[in-house]
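Before any comments, here is the structure.
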Amino acid sequence: MTSPTITAAAAGTWKLGDLDVNRIGFGTMRLPQRGAALRPDAVPRDREQAIAVLRRAVELGVNHLDTAAFYFSPLRSANELINRALAPYADDLVITTKVGPARLPSGEWGEHARTPGALRAQVEENLRQLGRDHLDVVNLRVVGPDSVAERFGALAELREAGLIRHLGLSNVRPAHLDEAQAIAPVVCVQNPYGIGASAEQEAMLRLCGERGIAFVPFYAIAGAGREAGADAGGAQDEEVLVIAREHGVSAARVRLAWTLHRGPHVLAIPGTGDLDHLADNVAAGALRLTTGQLARLEARRP
């Protein structure tokens, strides 16, 4: 007998402002190219394959997409693929994008947008590529400890003008969140997080929960060592594999399920260009880890 298809609804829902989303979403960074690297020499992914993955994601109940205008390869951009695959957009589809980082047409990284004019230009480019008259959620992506007040204030003005519905932050510290919330509502924080997360990352997750803000991890499957090096987080791998075997599922599914267990405000945006991996990621929303398994994973924290 064929097992019933697991959809994103199994993960439950959360509100991004006034927008209901399933807690399992989809990250589009991998769609324009093979591999995760955003590099000038990236190998473009087959266009029809990428479109098929996007359409299947929506069929599986995914209604929260994460994208950015700087997600592109020499031949493909994530926003263009979303537009081609899903427009006209369903009323319940929420597209979150981010601004700040800038890539030149060559694919090389440029200077971050720091002025109101540069940020508006990035917002307008996302609108153009997606074919929309407003953006559902825009995250300000931050690098370093500098104040975000001027930049977030510029986005808040675009929100007042109707170009943006809701605002969020990416790669930030508690002080950034305090600054932003003094200017305008923040509906989500998108930060690195996964099994083996640091105390600082855990604190940010808790802070978001206390303030009713969605916490949206990136690198949830790769783990906390994604930015620290290939061997970081290796202590967790064995236990993850053991628990995966206990459930008869992939390690990636265990990692995503663990992330969702961290709180009802925690969302997931795993990305892939493979239809089978997509189905596996979505199915993580239905995986219930036992109290003992959660404790075993917690015990591996560095």
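Laboratory data are not the source of any read-out in this text; all were calculated from the coordinates shown. Fair warning: this is a prediction, and the values are worked out from it, not measured in the lab. Counting neighbours? That spans all protein chains shown, and the Cβs are built from the backbone with ideal geometry, glycine included.
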Inset, instruction - Specify the longest stretch of the chain that does not include any exposed loop site, a site being one of the GluC sites (Glu not before Pro) with a non-H, G, I, E, B DSSP assignment and at most 14 other Cβ atoms within 10 Å. - result: 112-226
Legend entry - About the Cα centre, charge dipole magnitude for region 1-53 (Lys/Arg +1, Asp/Glu -1 at Cβ), debye: 160
Inset, instruction - Read phi for every residue in region 105-113 and hand back ³J(HN,Hα) as whole Hz from Karplus 6.51 cos²θ - 1.76 cosθ + 1.60, θ = phi - 60°, with x for Gly and Pro. - result: x, 5, x, 5, 7, x, 6, 4, 6
Legend entry - Extension gain (nm, one decimal) between E239 and D274, 0.36 nm per residue minus Cα-Cα: 10.0 nm
Legend entry - Cα-based shape type of region 1-66, given that a ≥ b ≥ c are square roots of the gyration tensor eigenvalues and the cut on a/c is 1.5: oblate
Legend entry - Charge dipole of the chain about the Cα centre (unit charges at C-beta), most positive-ward option of Q49, L104, N63: Q49
Legend entry - Simple Cβ-charge dipole of the chain, Lys/Arg +1 and Asp/Glu -1, about Cα centre, in debye nearest 20: 280
Inset, instruction - Please turn the phi angles of region 134-145 into ³J(HN,Hα) values with the Karplus equation 6.51 cos²θ - 1.76 cosθ + 1.60 (θ = phi - 60°), one per residue in order, whole Hz, x for glycine and proline. - result: 7, 10, 5, 9, 10, 9, 7, 7, 10, 10, x, x
Legend entry - HN-Hα J in Hz across region 10-15 - Karplus 6.51, -1.76, 1.60, θ = phi - 60°, x for Gly and Pro: 5, 7, x, 10, 8, 9
Legend entry - Most mobile listed residue (G271, G100, G117) in the chain, GNM with C-alpha springs under 10 Å: G117
Inset, instruction - For N139, list long-range residues whose amide hydrogen, built 1.01 Å from N in the peptide plane, is under 5 Å from its own amide hydrogen. - result: T97, K98, V99, G168
Legend entry - Distribution of pairwise C-alpha distances over region 1-131, 5 Å bins, in %: 2, 10, 18, 21, 19, 15, 9, 4, 1, 1, 0, 0
